[in-house]
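Notes for the one structure printed next.
The values are calculated or read from the model by the stated rules, or taken from the named source; none is laboratory data. Values in this document were obtained by computation on a predicted structure and should not be read as measured data. Cβ coordinates were reconstructed from backbone atoms using ideal geometry, including for glycine residues, and neighbour counts include every protein chain displayed. Calculation scope for accessible area: heavy atoms of the full protein, side chains included, ligands and nucleic acids excluded. Shrake-Rupley method; radii C 1.70, N 1.55, O 1.52, S 1.80 Å.
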Amino acid sequence: MAAIGKIRSWGPALVAVIGLALFAFIAEELFRSCEATNNEQRQQVGQVLGEKISVQEFQELINEYQEVLKLQGRDNLTEEEQNRMKDQVWNTFVQNKIIEKEANKLGLTVTDEELQNILVEGTNPMLLNTPFVDEQTRKFNVQSLRQFLDNYKTARAQGGQYLDQMQSIYMYWQWVEKSLRQQTLAMKYQSLIQGSLLSNPISAKAAFDNQNTESSILLASMPYSGVNDNDVKIEDADLKAKYNEKKEMFKQQVETRDIKYVAYQVLPSEQDRAELMQTMTEAAQSLTEGTSPAEVVRKAQSQVAYQGLPVTRAALPTDIARRLDSMSVGQTSAPFETKSDNTLNVVKLIAKTQMPDSIEYSVIQVGGVSIDAARKTADSIMTALKAGSVFDSIASKLGQENAKTWLVSSQYQNSPVIDADSKTIINTINGLAKNETKNIELSGGNLIVKVTDRRAMVDKYDVAIVKHTIDFSQQTYSDAYNNFSKYVSENKKLEDLEKNAAEFGFQVMERNDLASYEHGVAGIRATREALKWIFEAKPGNISPLYECGNNDRLLVVALTKVHPEGYRDWESVKDELTQEVQREKKFEKLAEQLNGVKSIDEAKSKGARIDTISQITFSAPVYVQATGASEPALSGAVSATGKGEFSKNVVKGNGGAYCFQVLDQTQRQNANFNAKSEESRLQQQAMQAASRFMQELYQKAKVVDNRYQLLF
């Protein structure tokens, strides 16, 4: 009994201990649940109509489109091109999901028969980018497609050396077919909407008159700028009332964020420039003294390799090509700067000559058990040719097809590297006259070359170019990084960043309403990590130091405010509201001055400026020079006022208050009303407006875009 009593005395303590244990258990489970939710969200690119798309699914769509671009010859995309490509994949995915749902409601589909009709017709632009276009007619050939699909089916069943290549083309065609179906379904849906928009003769006549009836007026203007801002009292109640009136204008579809940031670009120091100038001066001296151009260019680490081949101006950097006209053969320039590409340059014009841009030639390849044997055989062939033997006959006896080939300058002059044998062949062919034959000794044998045609004589240049970016040294970057790092580490709050920026040589910049779809910060490359931080941070947070740009930028960001999806709070649009309310209150003052005015003379006596304005129509806003504003309301008021009449009310414009007298109203010359053509024009306008239906559907689809959280 004593033991039981003792246990009872522990009751409150036991309850507390058990309660804490239960709380810890529940908290742990809650933490695990939150962590699992966060992990799930991190694996989602977003969602459309409640349907989630994972990182893996989206990456598969990107990979699919990248393969399409490769087959179209578009590979090695820049960061900006990759961002545009990913945006296109995302927007296409969202649009297709939305259209698919709307089409299902209406029972719209694209049948196999419809798709076959599109293929047979062959006019869809998407088909003209496929491998199944006839080279002669440049039209899509459905028979070529069907033959490929049959061959692919056979190759998959039996195997074959071209199966991998065929697989790539087949996957491309699968994408084209899928895209055609999606495109056709969207066009069907849009056609239904457009088909519901009609016009009629009455609206057509009204629209014609509005566009072609021109008025001339005497205008009395009193600009808002004539009212002192201090004479207009604006209270928060006024701003809130205006906010409620125009609240829908302040609704945003995506979350945006306001930031302040410091971005510093590392530039070459004076010492860096001096060291580079020394290198360029030495290169110029070496070229002047006759040192091998290839050696000088290599030693100076020029961006432009020396090939030792005559090239056209098109193969040269623009700044170099411009210099050639003022240079003589053998001349070497002094080092000069090109600001457009941030380089120092030295150029030597070694030779200039007129040569054909295109040369037709034939070759006989000569080999043997050894190089010496090949040389002897080649000498024998040359002897036979000089004795009158026919080039084609010798080639035929040696079992070689004597196909004629064209050598065009563009085929070689932009190549970064050309081997010695290729250089020998190109130089030899360039130097031969029509019907001239030459024996060329190469490292692996001989070529007997005969030039059969030469066309398009152009100027060609043998040029040695030393081009070097004016860049900063590692020491310069290190010094800049250390200074920026010290600035960031010593200023942990925004007010400190702002207060001490000038001391470190920096400037704090501001950017409002940054959206995640912009892909980066402050227009700087490689700032996706910073963008991700911005959309995960809380107001007042300071980011870590980011190295970005072309490895030449340092960045730190402070998040100042978050604008969630939905209606902006009235204080965030206070400046815009203030301008609107101020304009209205100024109008009230000016309208009070003009109240009761019945003529232009009376308006002038009140201080209004008088101007004559002609060719006013209802369909186009009037531009009033006196107030510097475009005034749609004035156009409407003039159109509703008869010839000779004075305006019934003071018109509230964007730039001022107005009254007017209509001097004349006439129809434009050569303006003849045609009811059918005008109805057609109005219907086209309505269709263009209806084409924006996707905006409405997008808002209703509750699209969630989390791509900024994922750095892939």
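Laid out as a table, the results:
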| read-out | value |
| --- | --- |
| Selection status of Lys561, open to solvent by 60 Å² or more (accessible area, probe 1.4 Å) and closer than 24 Å to Asn706 by Cα | yes |
| Unmet requirement for Trp406, which otherwise passes all of (1) at pLDDT below 85; (2) under 30 Å from Thr318 (Cα atoms); (3) open to solvent by 70 Å² or more (accessible area, probe 1.4 Å) | (1) |
| Answer from Lys339, Lys299 - the residue that is surrounded by fewer than 16 Cβ atoms within 10 Å (Cβ to Cβ) and closer than 29 Å to Ser443 by Cα | Lys299 |
| Count of the range 597-610 residues which are farther than 16 Å from Thr627 by Cα, touching a helix residue (DSSP H, G or I) at 6+ places or on another chain (Cβ under 9 Å) and open to solvent by 50 Å² or more (accessible area, probe 1.4 Å) | 2 |
| Residue under evaluation Lys434, criteria (1) buried (at least 16 other Cβ atoms within 10 Å of the Cβ); (2) part of a loop (DSSP other than H, G, I, E, B), criterion not met | (1) |
| Whichever residue in the range 689-712 is modelled with pLDDT of 75 or more and of a type in the set (S, T, N, Q) and, among such residues, is least open to solvent (accessible area, probe 1.4 Å) | Asn706 |
| Qualifying residue in the range 454-475 (condition: closer than 21 Å to Val557 by Cα, of a type in the set (A, V, I, L, M) and crowded, with 18+ Cβ neighbours inside 10 Å) | no |
| Matching residues, the range 385-401, being of a type in the set (Gly, Ala, Ser) and open to solvent by 30 Å² or more (accessible area, probe 1.4 Å) | Ala387, Gly388, Ser389, Ser393, Ser396, Gly399 |
| In the range 96-132, the residues that are open to solvent by less than 80 Å² (accessible area, probe 1.4 Å), within 20 Å of Leu192 (Cα to Cα) and in a helix (DSSP H, G or I) | Asn96, Lys97, Ile98, Ile99, Glu102, Ala103, Glu114, Leu115, Ile118 |
| When residues of the range 158-177 are limited to those that are assigned to a helix (DSSP H, G or I) and open to solvent by 90 Å² or more (accessible area, probe 1.4 Å), the one farthest from Leu69 (Cα to Cα) | Gln158 |
| Sole exception among (1) over 19 Å from Ala374 (Cα atoms); (2) surrounded by 13 or more Cβ atoms within 10 Å (Cβ to Cβ) for Asn414, by number | (2) |
| Any pair with Cβ under 6 angstrom, 6 or more apart, that starts in the range 583-599 at a residue that is closer than 12 Å to Val650 by Cβ and among the aromatic types (Phe, Trp, Tyr) and ends at one that is at pLDDT 95 or above and surrounded by 16 or more Cβ atoms within 10 Å (Cβ to Cβ) | Phe587/Lys652; Phe587/Ala657 |
| Candidate set from the range 42-70 (those that are open to solvent by 80 Å² or more (accessible area, probe 1.4 Å) and in contact with a helix residue (DSSP H, G or I) (Cβ under 8 Å, 6 or more places away or on another chain)); member that is modelled with the lowest pLDDT | Arg42 |
| Subset of the range 655-712 [part of a loop (DSSP other than H, G, I, E, B) and either touching a residue at least 24 places away in the same chain (Cβ under 8 Å) or of a type in the set (Gly, Ala, Ser) (or both)] | Gly655, Arg668, Ala671, Phe673, Ser691, Ala701, Lys702, Val703, Asn706, Leu710, Leu711, Phe712 |
| Subset tally (residues that are under 22 Å from Val304 (Cβ atoms) and either hydroxyl-bearing (Ser, Thr, Tyr) or surrounded by fewer than 13 Cβ atoms within 10 Å (Cβ to Cβ) (or both)) for the range 417-431 | 5 |
| Of the criteria (1) modelled with pLDDT of 90 or more; (2) under 15 Å from Tyr461 (Cβ atoms), which one Ala284 fails | (2) |
